[in-house]
Amino acid sequence: MITGMQVRAAKALLNWSGAQLADKTGVGLSTVRRVEGCDGLLETASVKVLQAIQAALESGGVEFIGTPEDRPGVRLKGSSISN
């Protein structure tokens, strides 16, 4: 599962608007906004909606890391931190 915070961060990494994400997922903009407004586990959206949002963001180049309970985050695919 993903969190609203991860959705907001992923959109920012991709420089996508809520309307762009809604278009790419086929869900309504109000649904995207509701998902983004939640912190922690997203109990207000169906699993199908969350999967569509996650898949769209992943196809855009975002990787979801951690779990909702343990250091949830996002990063661009192929990026890594090196010292």
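The values are calculated or read from the model by the stated rules, or taken from the named source; none is laboratory data. Just so it is clear, the structure is predicted and the values come from calculations on it, not from any experiment. Please note: Cβ atoms are built from the backbone with ideal geometry, for glycine as well, and neighbour counts cover all protein chains shown. Ligands, DNA and RNA are excluded from the accessible area calculation, which covers all protein heavy atoms including side chains. Shrake-Rupley method; radii C 1.70, N 1.55, O 1.52, S 1.80 Å.
Quick look at the numbers
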| item | result |
| --- | --- |
| Search result, residues across the range 20-68 that are free of Cβ contacts under 8 Å to residues at least 24 places away in the same chain and of a type in the set (Asp, Glu) | ASP23, GLU43, GLU58, GLU63 |
| Hits in the range 52-65 (condition: assigned to a helix (DSSP H, G or I) and open to solvent by 20 Å² or more (accessible area, probe 1.4 Å)) | ALA52, GLN54, ALA55, GLU58, SER59 |
| Residue among VAL27, VAL49, VAL35 that alone is β-branched (Val, Ile, Thr), more than 17 Å from PRO72 (Cβ to Cβ), surrounded by 17 or more Cβ atoms within 10 Å (Cβ to Cβ) and in contact with a Ser or Thr (Cβ under 9 Å, 6 or more places away or on another chain) | VAL49 |
